[in-house]
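Engineer: First the structure, which I've put down as structure tokens, then a few questions once you've had a look.
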Amino acid sequence: MNNYPLIHCENIYKDYQLGQVSVHALQDINLSIDKGEYVAVLGASGSGKSTLMSILGCLDQPTGGHYFFDGVDVSRLNTKQLALIRNQKIGFIFQAFHLMPYATALDNVALPLIYRGMKLQERQARARIELERVGLADRMLHHPSELSGGQQQRVAIARALVTKPKLLLADEPTGNLDSASGKDIMAIFDACLKEGATIIVVTHDNQLAKRMQKTLRLQDGKLVR
Ligand SMILES: Nc1ncnc2c1ncn2[C@@H]1O[C@H](COP(=O)(O)OP(=O)(O)OP(=O)(O)O)[C@@H](O)[C@H]1O
Ligand SMILES: [Mg+2]
């Protein structure tokens, strides 16, 4: 009964309209990803990787085609319905971290739990566990500007994991990290996979891509096999 893929894209297109010019960021994307898969997204700068991640993460809608996530056609849902799916099922680690500058690391990580109607104490307890997991036990009350780039990235990772998402999307998660911190992040992802998550990672890092079961390669907005 539950044997449909977690992700299924049918003829997905994404055009950006800039005045008279339209950019065809994605063209005729067809793909399926099963629950529990570990997938790398590769491609040159501008090939459409982040655009694809935004659609898979229900942050943006395709301009054509259908996107089925967890058995539901999300391509026609409204913004409120999309926000609900994101909060319940998806963790997103952005290329730029998108942390809240005036909130501490702890409050940044606890934030997604507010929409779960969870009490403050429990939100903070869960956020603490995630920050410990990414090695930031001694930085919980720091603001993003008081953290290094790699530490901010780890806060962003903790925030993505705090809701225990089915799908974890990471856009260049080790891009700002030294190789030791990068390895720590890889270990965290491996643990998430063991717990049953599906993970899709945009990376230029061949070491990282080698660990993954499936590779999606984009070129000028198209998937190349
Ligand atoms: N909001 C936007 N409006 C107009 N064009 C856009 C927008 N976002 C992206 N594009 C264009 O769509 C194409 C794909 O962009 P995208 O950000 O997906 O590339 P990418 O593969 O993630 O690149 P990078 O490796 O540099 O992050 C690019 O040509 C880009 O200029
Ligand atoms: Mg990008």
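Engineer: Given Cβ point charges of +1 (Lys, Arg) and -1 (Asp, Glu) and nothing else, what value in debye, to the nearest 20, does the dipole of segment 65-161 about its Cα centre take?
Structural biologist: On the way: 13 positive and 8 negative charges, 48 e Å.
The dipole of segment 65-161 has a size of about 220 debye.
Engineer: Rounded to the nearest 20 Debye, what is the dipole magnitude of segment 1-152 about its Cα centre when Lys and Arg each give +1 and Asp and Glu each give -1 at the C-beta? Don't jump to the answer; show the numbers that get you there.
Structural biologist: On the way: 14 positive and 14 negative charges, 86 e Å.
Charge dipole of segment 1-152: 420 debye, to the nearest 20.
Engineer: I need the fraction of alpha carbon pairs in segment 92-225 separated by more than 18 Å, rounded to a whole percent. Please report the intermediate quantities before stating the final value.
Structural biologist: Values: 4832 of 8911 pairs.
Roughly 54 percent, once rounded to a whole number.
Engineer: Tell me which aspartates and glutamates have Cα within less than 20 Å of residue 194's Cα, excluding those fewer than 8 residues away on the same chain?
Structural biologist: Those aspartates and glutamates meeting the cut-off are 34, 37, 70, 130, 132, 184.
Engineer: Could you give the size of the charge dipole of segment 72-225 about its Cα centre, using +1 on the Cβ of each K and R and -1 on the Cβ of each D and E, expressed in debye and rounded to the nearest 20?
Structural biologist: Working: 23 positive and 15 negative charges, 142 e Å.
Computed about the Cα centre, the dipole is about 680 debye.
Engineer: Summing +1 for each Lys or Arg and -1 for each Asp or Glu, what net charge is found among the other residues whose Cβ lies under 11 Å from the Cβ of residue 35?
Structural biologist: Details: positive: 166; negative: 34, 37, 70.
So the environment of residue 35 carries a net charge of -2.
Engineer: Lys and Arg at +1, Asp and Glu at -1: add these up for the other residues within a Cβ distance under 12 Å of residue 124 and post the number. Could you put the intermediate results ahead of the total?
Structural biologist: Values: positive: 119, 123, 126, 128; negative: 107, 122, 130.
Result for the neighbourhood of residue 124: +1.
Engineer: Sticking with this one: Can you give me the C-alpha center-to-center distance between segment 159-190 and segment 66-137, rounded to a whole angstrom?
Structural biologist: So the two Cα centres are separated by 14 Å.
Engineer: Could you give the semi-axes, largest first, of the ellipsoid that matches the chain, computed as the square roots of 5 times the alpha carbon gyration tensor eigenvalues and rounded to whole Å?
Structural biologist: 28, 20, 18
Read-outs throughout are calculated quantities, based only on the coordinates presented, and are distinct from any laboratory measurement. In this text, all values refer to a predicted model and were calculated from it rather than measured experimentally. Cβ sites come from the backbone with ideal geometry, for glycine too, and all protein chains shown count toward neighbours.
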